[in-house]
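Beneath this line is the structure, given in structure tokens, with notes to follow.
Please treat every number below as a calculation from the coordinates, not as lab data. What you see is a predicted model; the values in this text were computed from it and never measured. Cβ atoms come from the backbone with ideal geometry, glycine included; neighbour counts cover every protein chain shown.
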Amino acid sequence: MPADPASARSTRFARPPYAADPRRVADALRAADFTVDRVAGRLGERAGAALGRNTTLAALRALGGDDDPQATLLRLFVLQRTVGRAAAERALPGLVGPLSADGVLAEVAGRVAATVDIRPYGADEASGAAVDGWVVADHVPGLDGRVTRTRPDFVLSASPASATLTQLTIRRPAGRALDLGTGCGVQSLHLASHTERVVATDLNPRALRLADLTLRLNGVADRVELREGSLYEPVAADRFDLIVSNPPYVMSPPRDPGARLSYREGDFLADELVARVVRGAGEMLTEGGTLQVLANWAHVAGQDWTDRLREWIEPTGCDALVLQREVLDPYEYIELWLADAGLVGSEEYAGRYAQWLAYFDGLGIEAVGLGWVSLHRAGHDRPHLQLEDWPHGVVQPVGAAFAAHQRGVALARRSDEELLATSWRLVGTVQETYGAPGAADPEHIVLRQRTGFARAVAADTALAGVLGACDGDLPLGVIIGAVAQLLEADAEALRVEVVGRIRALVVDGFLVA
């Protein structure tokens, strides 16, 4: 049952007042050319790549002894160095005092330090809704090889995972969107560019505070409502056209709540947190609404992973496309997340490793799947569920491919007669042929998508001939008849053979009507 609206309202995050007007801060950042393109151009590709590996020395070398505002902001917010008060004042005129009062800056032994990470963030339309601004988060831990313990309420900045979610999100106009587990607010920045209203939730009050500053710096705070709480509890009375989530999916052993890293792990057993995100979506989506989630799931002894996820998905009544992108054995998985927690080289490492292995053994977890879950509340009596391994390369962004899959599922529900009467068009596809040099006919014909999921399908001469003629002019039935005549084949038999193949190609986005 939906919660009382008053209950939902009680979860709204009280936006704090700021001594430093975020609009003035944004003006100062912009005036210093503290933007993605200008910073990347100044540091160069190699220093930028080194920063991606948590090494600052190449960037410091690129800056040399410069103390212009852009260099100062880089040292202060990104490279985690202190700067002189005079340099800070030149970069942030009239704002050092107010930002210190807000806890964004601090004075240390006569020098100025940043307590948070503010860095340029940008993405063009092709990568998933245009954004050009800044993201506020906690400092990147473990810079330059330092062993740094990650604080329990740590707020992660824009990351490869968040970039993946922005690229797989369907970017069509929508009324209401939910950013479930907003973190630093980066998904809300994108959602605000193509939806009327956004609700962003998080269990971590610190995340909501930094997300609020992210939204204010980017001038979209009036379009995003922040709410505090777990999973769908803060929005139980609402319904959404689009829900996106990069949830805390890490399957770690139970820990004291004060030690749990809230940005990546909850207090649920194994993959139950992700299961609840998926199971709960059916009631939270409007008709035609979509849920898109980055997820981890357990591979349990004696159970196929697709059966496990079907148990989550089937009760929602939604169509689903699930792509498993990678599978890690327990050792790989544990090592990845112990390193993320800053425990490599610490005295705790071996003990935590053993604890994690025992946890997985007790649950029968043999491996962990990593991938993408997309649900569509299409209202079909028999939902279309497609769950598959897809470790192959894709062409980002794939949001359009998810949208094409939704359209394809609807089109493929036509009867055989309707499919044959439709004039189909082959889109975004190249044909590859393989065979012995000089042979009259190729041994293999492969049709490959140039965008999105970059799927490939093997075709015989007849199917390739039919698809090659699908340019939107002639109905499929007419094309099949012409190809049958050309190949001296039985037209009815070819229709039966081709229609089933065509239906699958429509679902996978090779053909559009």
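Taking Cα atoms, how many degrees apart are the long axis of helix 476-487 and the longest axis of the chain, rounded to 10 and kept between 0 and 90?
60
Arrange the following residues from fewest to most other Cβ atoms within 10 Å of their Cβ: Ile445, Ile502.
Listed from fewest to most nearby Cβ atoms, that is Ile445, Ile502.
By per-residue mean of other Cβ atoms within 10 Å, what is the highest-first order of 110-120, 276-286?
Details: 110-120: 18.6, 276-286: 20.4.
With the highest mean Cβ count within 10 Å placed first, the list reads 276-286, 110-120.
For the Cα atoms of the chain, what angle does the longest principal axis make with the long axis of helix 491-507, in degrees from 0 to 90, nearest 10?
The answer is roughly 10 degrees.
Out of every Cα pair in segment 11-75, what percent are spaced more than 17 Å from each other? Present the calculation step by step, with values, prior to reporting the outcome.
Details: 1064 of 2080 pairs.
I get 51 percent for the Cα pairs in segment 11-75 exceeding 17 Å.
For segment 423-434, just list the computed ³J(HN,Hα) in residue order, Karplus coefficients 6.51, -1.76 and 1.60, θ = phi - 60°, integers in Hz, with x standing in for Gly and Pro.
8, 8, 10, 6, 10, x, 10, 10, 9, 10, 10, 10
So who's got an amide H within less than 5 Å of the one on Leu285, skipping anything under 5 residues away but keeping other chains? H placed 1.01 Å off N, in plane.
Residues meeting the criterion, in which the H sits 1.01 Å from N, are Phe240.
For every helix of n ≥ 4 consecutive DSSP H residues, a contribution of -39,500 (n - 2.57) applies; sum these over the chain, divide by its total residues, and give [θ] at 222 nm rounded to the nearest 500 deg cm²/dmol.
-11000 deg cm²/dmol
For the chain, compute the orientation-averaged projected area of the C-alpha convex hull (one quarter of its surface), in nm².
If you wrap the Cα atoms of the chain in a convex hull and average its projections, you get 28.9 nm².
Taking the highest mean first, how do the peptides 424-435, 206-217, 97-108 order by number of other beta carbon atoms within 10 angstrom per residue?
Averaged packing, sorted descending, gives the order 206-217, 97-108, 424-435.
Need one word for segment 24-153: rounded, prolate or oblate. Basis is the Cα gyration tensor (sqrt eigenvalues a ≥ b ≥ c); a/c below 1.5 gives rounded, then a/b vs b/c decides.
rounded
Would you please classify the overall shape of segment 139-383 from the alpha carbon gyration tensor, given that a ≥ b ≥ c denote the square roots of the eigenvalues, rounded means a/c under 1.5, and beyond that prolate means a/b larger than b/c while oblate covers the rest?
Oblate is the answer for segment 139-383, as a/c is 1.5 or above yet b/c matches or exceeds a/b.
Against the longest principal axis of the chain, how steep is helix 349-363, in degrees 0 to 90 to the nearest 10, with axes from Cα atoms?
Taking Cα atoms only, the helix is inclined about 40 degrees.
By per-residue mean of other Cβ atoms within 10 Å, what is the highest-first order of 21-32, 143-154?
Details: 21-32: 16.8, 143-154: 14.2.
In descending order of packing, they fall as 21-32, 143-154.
Where the centroid of each part is defined by its Cα atoms, how far is segment 353-403 from segment 66-116 in Å?
43
Percent relative contact order of the chain, based on C-alpha pairs within less than 8 angstrom and at least six residues apart?
For the chain, the relative contact order is 11 percent.
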